[in-house]
Each structure stands twice: as C-alpha cells, then as structure tokens.
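The values are calculated or read from the model by the stated rules, or taken from the named source; none is laboratory data. Predicted, not measured: the structure shown is a model, and the values here were computed from it. Please note: Cβ atoms are built from the backbone with ideal geometry, for glycine as well, and neighbour counts cover all protein chains shown.
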Amino acid sequence: MATPGDLVKTCFIEPMQGSFKKTPGTNPEAYFSSLSAKLSGFSEDALKAAASNLIERATSATWPYVGTITAACKSAQERLGAKESGQPNPVQAGYPWPEAVAVRVLINQDARLATSAALAGWHADLIDFVRREKRVPSMEEVEPFVVATMQRDARIAKQQQEALDVLRGEYNSKLEKLPANHRVQIMASSIANRRNRLAVMIAKEIEAREEVADDQL
C-alpha cells in the first residue's frame, strides 16, 4: 500500500516535473519537504486533478507557491466530493460573485488585507480570487497575487516601450507616450482604470463601515 509521501510523489510531483523546473526561493529541498507535508492528506484523484489543472494554467516554468498548490488540491478534492455525492460544485456553482459583493465580503472579513492590497496595487487579483472562490484567501495564498501583478505591470511596460519605439522609428518622431487609441495603450488603460475603480469601491466600503461604527458609539 502506497504511503502518503509516495502518493504525493507519484501523483503530483512527478507529473508536475514535466512542466515546472525551478522552485520559488533558494532552497528546493525545503520547498519539496513543505509541499509533501501539506499535500499528504489529499487523495490520489485530488492530487492528479490538481496537478493537471496547474499544468494547464502554467505561465512559467517556476513551481507555484506551496499555498497555491494546497488551495488547488483543496479545490480539486471539493469538486470530486461534490461529483460523487451528486451535489453541484461548491465553488463553481452559479456565477462568480459581482465585484461589489466580493468587496463587501473582503472588507467584512479582512479590511486590513484589502487596504494593503489597494495601496500596493494588487487588489484586482485579490478581488477576482474572492469572486471566483467565494472566500477570502489565506495568507499563504496571497503572495502569488503580488507576484502576478508585478509580472503583469512589467510585461505591459515592456510592450508599451516596444510599441513606442516602433512608432518613433516609423514616423521619425520623438513621441513621449503612446497615443490613447493605440491597442497596447488601450489595454494598459483598461487595466489601470479597473484598478482605480476597484480601489474606490474598497475605500467607499471601508468609509461606510466606519460611519456605521461611529453611529453605534
């Protein structure tokens, strides 16, 4: 009979090694030790399903954070359990929450997290998680949002600079920024506008709760 450690290795780690080559941080041994410990309670089917899902969504060759993997396995376990019982998927049943609902739930459960995310600029990823998963993430699940936002901003800045260099070359001009109607600028503005809108929603929700608290004093 396979031990929990054997299941994690054969059903999760080995399949993932075909797509992921580098571990986060500087200590691969500690990473895999922590990963094995966190995943030891999941079933064989849940480990396989989570690995398949993470491989399909991979955007780099770096292994996901342990918290992200644990959440993926938990979600897979819940989906499999719901399927066996004939119940709808507890996460994906119906549509994602509206942004306003996700913001209210987030502020109600962890206003400090919402404020920190808004100030640092990664609140859009945080709110999308709450909308999709219908819960506030654990601290282990938060770090990937920060990394994803930094990578996205760097990618967009690079695309803007490359597009600007092309226009300068084509028209022999000294443009300082992309025209507002350029496709790359439209994409960048759309992302920035959504972040600003969500930040305002967070601020207004916090302000409204503080006013209610003051009225109750």
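Structure values in brief
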quantity: Residue in segment 80-102 that is of a type in the set (A, V, I, L, M), closer than 26 Å to SER19 by Cα and at pLDDT below 85 present; calculated: yes
quantity: Residue within segment 10-24 that is over 23 Å from GLN151 (Cα atoms), surrounded by 15 or more Cβ atoms within 10 Å (Cβ to Cβ) and in contact with a Gly (Cβ under 8 Å, 6 or more places away or on another chain) present; calculated: no
quantity: Failed condition for LYS134, given (1) buried (at least 17 other Cβ atoms within 10 Å of the Cβ); (2) in contact with a helix residue (DSSP H, G or I) (Cβ under 6 Å, 6 or more places away or on another chain); calculated: (2)
quantity: Residue check, ALA51 over 20 Å from VAL147 (Cα atoms), crowded, with 19+ Cβ neighbours inside 10 Å and at pLDDT 85 or above; calculated: yes
quantity: Meets criteria (exposed (fewer than 13 other Cβ atoms within 10 Å of the Cβ) and part of a helix (DSSP H, G or I)) for ALA30; calculated: yes
quantity: Residue in segment 57-74 that is in the same structural domain as PHE12 (by TED's automatic domain parsing), at pLDDT below 80, assigned to a helix (DSSP H, G or I) and not β-branched (Val, Ile, Thr) present; calculated: yes
quantity: Test: residue in segment 158-176 that is touching a helix residue (DSSP H, G or I) at 6+ places or on another chain (Cβ under 8 Å) and at positive phi; calculated: no
quantity: Residues of segment 118-147 satisfying the condition of being small (Gly, Ala, Ser) and without any contact (Cβ under 8 Å) to a residue 60 or more places away in the chain; calculated: ALA120
